[in-house]
1. On the basis of being assigned to a helix (DSSP H, G or I), of a type in the set (Lys, Arg) and in contact with a helix residue (DSSP H, G or I) (Cβ under 6 Å, 6 or more places away or on another chain), does ARG54 make the cut?
2. Would you check if there is a residue in the stretch 133-151 being of a type outside the set (Phe, Trp, Tyr), assigned to a loop (DSSP other than H, G, I, E, B) and under 20 Å from ILE33 (Cβ atoms)?
3. Considering only the stretch 17-60, state which residues are free of Cβ contacts under 8 Å to residues at least 24 places away in the same chain and touching a strand residue (DSSP E or B) at 6+ places or on another chain (Cβ under 9 Å).
4. Test each condition in (1) out of contact with any Asp or Glu (no Cβ under 9 Å at 6 or more places or on another chain); (2) part of a helix (DSSP H, G or I); (3) modelled with pLDDT under 95 for ILE93 and report the one that comes out false.
5. Read through the list (1) of a type in the set (A, V, I, L, M, F, W, C); (2) in contact with an Asp or Glu (Cβ under 8 Å, 6 or more places away or on another chain); (3) at pLDDT below 95, then give the number of the only condition that LEU127 fails.
6. Being touching a residue at least 40 places away in the same chain (Cβ under 8 Å) and closer than 21 Å to HIS53 by Cα narrows it down to one of LEU83, LEU96, so name that one.
7. Only one residue in ALA115, ALA122, ALA101 is in a helix (DSSP H, G or I), touching a residue at least 12 places away in the same chain (Cβ under 8 Å) and over 18 Å from LEU18 (Cα atoms), so which one is that?
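The values are calculated or read from the model by the stated rules, or taken from the named source; none is laboratory data. The shown structure was predicted, so the numbers you read here are calculated from the model rather than taken from an experiment. In this analysis, Cβ positions are derived from the backbone assuming ideal geometry, glycine residues included, and neighbour counts consider all displayed protein chains.
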Amino acid sequence: MYFYNPNIQPYREFSRRLEAMRLFGEQRGVPLIIEDHYDPESWLRMVVFREAHRCRICYRLRLAAAAQAAKRGGFEAFTTTLLYSIHQQHDLIRELAEAAAEEAGVAFLYRDFRAGWKAGIAGSKALGLYRQQYCGCIYSERDRYLGAPQADNGAGEGPS
């Protein structure tokens, strides 16, 4: 499993998610590749004045990193837990992951994992894992509490 979430807000949330990943890996005996540097400032610089396209920017950043980690690790393919969420933009994730895969020279394994949504919730509770309540960026945290509009449908472009 691979962990890379440099823009999670606040730091306490980042730490909780990282600890849940470590706990799951330990419980299941799954090796982890962890990039635990915390760098929300870099992500915010990419998003400023492009807030409506923040999901595209975030997906691109994280999927490119996952593809590169898969290549470095000699893996045949990579996928993403983003595809488990009923709240994520699957078509956009797939498009950006396939582009990252092509650039890195490693395959992207697309599966629609949303069918396991309820079972995943039950399973994570049974394991005593922390469950996140929002996507992770400062904007999604705001939206969680204020009900602000969601980010774009991916039609816009963030930085390359």
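1. Working: assigned to a helix (DSSP H, G or I): yes; of a type in the set (Lys, Arg): yes; in contact with a helix residue (DSSP H, G or I) (Cβ under 6 Å, 6 or more places away or on another chain): yes.
When the stated conditions are applied, ARG54 passes them.
2. So the first thing to find is which residues in the stretch 133-151 are of a type outside the set (Phe, Trp, Tyr), and the list is 133, 135-138, 140-144, 146-151.
Keeping just the survivors that are assigned to a loop (DSSP other than H, G, I, E, B) gives 133, 135-137, 147-151.
Subset that is under 20 Å from ILE33 (Cβ atoms): 136.
Checking the stretch 133-151: at least one residue is of a type outside the set (Phe, Trp, Tyr), assigned to a loop (DSSP other than H, G, I, E, B) and under 20 Å from ILE33 (Cβ atoms).
3. Let us first name the residues in the stretch 17-60 that are free of Cβ contacts under 8 Å to residues at least 24 places away in the same chain, namely 18, 21-22, 26, 28-29, 41, 45, 48-49.
Scanning the stretch 17-60 gives LEU18, MET21, ARG22.
4. Failing condition for ILE93: (3).
5. Just one mismatch for LEU127, condition (2).
6. Values: LEU83 fails: touching a residue at least 40 places away in the same chain (Cβ under 8 Å).
Sole residue among the options that is touching a residue at least 40 places away in the same chain (Cβ under 8 Å) and closer than 21 Å to HIS53 by Cα: LEU96.
7. Working: ALA115 fails: touching a residue at least 12 places away in the same chain (Cβ under 8 Å); ALA122 fails: touching a residue at least 12 places away in the same chain (Cβ under 8 Å).
Matching residue, one of ALA115, ALA122, ALA101: ALA101.
Listed here are the residues, each with its yes/no results for (1) crowded, with 17+ Cβ neighbours inside 10 Å; (2) β-branched (Val, Ile, Thr); (3) in contact with a Lys or Arg (Cβ under 8 Å, 6 or more places away or on another chain).
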site: GLY74; (1), (2), (3): no, no, no
site: HIS87; (1), (2), (3): no, no, no
site: LEU92; (1), (2), (3): yes, no, yes
site: GLU95; (1), (2), (3): no, no, no
site: GLU98; (1), (2), (3): no, no, no
site: ALA101; (1), (2), (3): yes, no, no
site: ALA104; (1), (2), (3): yes, no, yes
site: LEU109; (1), (2), (3): no, no, no
site: ASP112; (1), (2), (3): no, no, no
